[in-house]
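The values are calculated or read from the model by the stated rules, or taken from the named source; none is laboratory data. All of these numbers come straight from a predicted model, not from anything done at the bench. Here Cβ is always computed from backbone atoms with ideal geometry, including for glycine, and neighbour counts include all displayed protein chains. These area figures cover heavy atoms from the full protein model, side chains too; ligands, DNA and RNA do not enter into them. Shrake-Rupley method; radii C 1.70, N 1.55, O 1.52, S 1.80 Å.
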Amino acid sequence: MKKKRSKKDIFNYENIPVGFYDKIYKKKRGIQSKWHHIHYNLVRKILGKYQKHLDVGCAAGTFVNFLNKDKISYGADISSNQIQYAKKNYENKKHKFYLIK
């Protein structure tokens, strides 16, 4: 028998504060921040000598900003608030952000 879920139990991506993961990454202390630093370094190592990168679900653009500023990177997300934050803080000639719906 399936348990009925209340509205409170359903995850709503739009409830994540704008720039939340960016703030965690920049704290440089605590378990969440450490996990992001380890994860970002691992993914950058796996990418190796990439030419272009697409980050689907980029949120505030923290990972795209972490990447090489001389290489092309695109960030895409479903949250207009997160994309606005990413554009304001990290968009440049090589790093672009797009809202996807």
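See the values below:
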read-out: Accessible surface of region 62-101 [probe 1.4 Å, protein heavy atoms]: carbon and sulfur percent; value: 51
read-out: Surface per residue (accessible, 1.4 Å probe) for region 5-71, Å²; value: 75
read-out: Surrounding net charge for Y98, when Lys and Arg each add one and Asp and Glu each subtract one, Cβ distance under 13 Å; value: 0
read-out: Shape box of the chain [Cα atoms, principal axes, largest first, Å]; value: 52, 30, 27
read-out: Y98 long-range amide H proximity, modeled H, under 5 Å; value: G75, A76, D77
read-out: Rounded FRET efficiency, nearest 0.05, which uses the C-beta distance separating K101 from L42 and R0 of 25 Å; value: 0.25
